[in-house]
Amino acid sequence: MYTIKTDGEESVKICIIDDEPLALQYLDFLLNKIEGVQVTGKFNNAKGLINHVQTEDVDAVLMDIHMPDIQGIDLAEQLLNIKPVLNIAFVTAYNEYAVRAFELNALDYILKPVQLERLELTIERIKEKDEILHKAPLNAAYHIKNLGTVRFYKEESPIEVKWRTSKAKELFFYFLQNHRHTIRKEKLIDFMWAHLSWEKANSQLYSTVYQIRKVIQQIGIPIKIVSQEESYEITLGEEVDIQSISWKQAAWRALQENGVSVKAHMKLLETYQGDYLQGVEADWIMKERNEIRNIWLQIIDNLINDTLHNKSPSSRKISQISALVSFDEEARILVNEKL
């Protein structure tokens, strides 16, 4: 997905759209200050951008939401129909569209006036996603199954995990989801113990992290929680496989292929046995849960369309698809409407 520059550095390809010339110029200026970024096109109308995405190799689009000819949300839907793995980031002065933007599976949502440091974070997220997409599968010894009911395995043997508190369980999965980032202690306190005084909340945080470390030690899984002065760093051993990450990696690869690999798509349906972290309810889960779910629905849609395009659709394949999605009402409706 990246283009290799002559100096050997990898470059992420980005195009931008905004109907305000000054805003477009300023965003281009900021992007050109970031190492490893190539702006492939600047547009003030949807038609030019759509043509560019159809004909050029583009990793991401940064777009305003309010434009005279089309709403950014609607344009993003069109672009994702053209290229499902395209990264979309909204750049806008308004925040009332944030929820719908993330439901659309937008990578990011940046408020104007854009700050260079905030834009650099968006670029890092794009690069992270690409690294997951192209990372070679591991022969892992430990597996954390988190699509559907959460389960732990060593090789093929299930591991029983007992959490002393629900907070310990939630914080463990928050650490896993955010293990590529430095996790500030203040942020953890704000969303998990905001109702407590600072002293009590801080005590609860340290107690909960201690409980998590005990669980990690008991099951023997190579995960380290390193405490800094104001933050935590999470390190996963190479032998740890997190199902949601591996699944997204495989799904993005399948969606990038020319044509539909029925075998790969069916394998993805077999693996997805429910929503991400099913049974763990917290606001921070929803963006990742919706992203994975939307990819899953795209995989189903691709399989259905491929089946219908065959002159003699296999009734066996139709039955298999129906059976694999039978646990989910929205997916059942999608299959029934098309088949």
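The values are calculated or read from the model by the stated rules, or taken from the named source; none is laboratory data. Computed from a prediction, not measured in an experiment: that's the story for all the values here. Methodologically, a virtual Cβ is constructed for each residue, glycine included, from the backbone with ideal geometry; neighbour enumeration extends over all protein chains shown. Note: areas computed on protein heavy atoms with side chains; ligands, DNA, RNA excluded. Shrake-Rupley method; radii C 1.70, N 1.55, O 1.52, S 1.80 Å.
Solvent exposure of His195, expressed as accessible area, is near 140 Å², computed with a probe of 1.4 Å over the protein chains only. A 1.4 Å probe over all protein chains sorts Arg253, Arg316 by accessible area into Arg316, Arg253, starting with the largest. State, as an integer percentage, the relative contact order of the chain based on alpha-carbon contacts under 8 Å between residues 6 or more apart. Result for the chain is 13 percent.
Given axes a ≥ b ≥ c from the Cα gyration tensor, I'd like to know whether the stretch 116-197 is rounded (a/c under 1.5), prolate (a/b larger than b/c) or oblate. Oblate shape, in that a/c is at least 1.5 and b/c is the bigger or equal ratio.
Most simply put, the chain has about 45% antiparallel DSSP beta bridges, counting only bridges with both residues inside it. Using a Gaussian network model of the chain with C-alpha springs under 10 Å, which one of Gln218, Gln78, Gln278 is most mobile by mean-square fluctuation? Fluctuation is largest for Gln218.
With 0.36 nm allotted per residue and the present C-alpha distance subtracted, the Ala141-Arg253 stretch has 38.0 nm of extension available. Among the GluC sites (Glu not before Pro) in the stretch 261-338, those located in a DSSP loop and surrounded by at most 13 other Cβ atoms within 10 Å of their own Cβ are Glu281. The label point for Gln218 and the one for Gln273, both projected 7 Å from the Cα toward the Cβ, are 2.2 nm apart. Dividing the convex hull volume of the alpha-carbon atoms in the chain by its residue count gives 171 Å³ per residue. Rounded to the nearest 500, the helix-only mean residue ellipticity at 222 nm of the chain stands at -15500 deg cm²/dmol, with each DSSP H run of n ≥ 4 adding -39,500 (n - 2.57). Could you work out how much longer the chain between Gln38 and Ser227 gets when fully extended? Use 0.36 nm per residue separation minus the Cα distance between them, nm to one decimal. Net length gain for the segment: 64.4 nm. Given a Förster distance of 25 Å, report the FRET efficiency between Glu56 and Ala93 from their Cβ-Cβ distance, rounded to the nearest 0.05. According to the calculation, E is roughly 0.35.
Approximating the spin labels as points 7 Å out from Cα along Cα→Cβ, the Asn45-to-Asp190 distance works out to 4.2 nm.
The slack in the chain from Glu160 to Tyr26, taken as 0.36 nm per residue of separation less the alpha-carbon distance, amounts to 42.8 nm. Accessible surface for Ser166 stands near 90 Å², nearest 10, in the context of the full protein assembly shown (1.4 Å probe).
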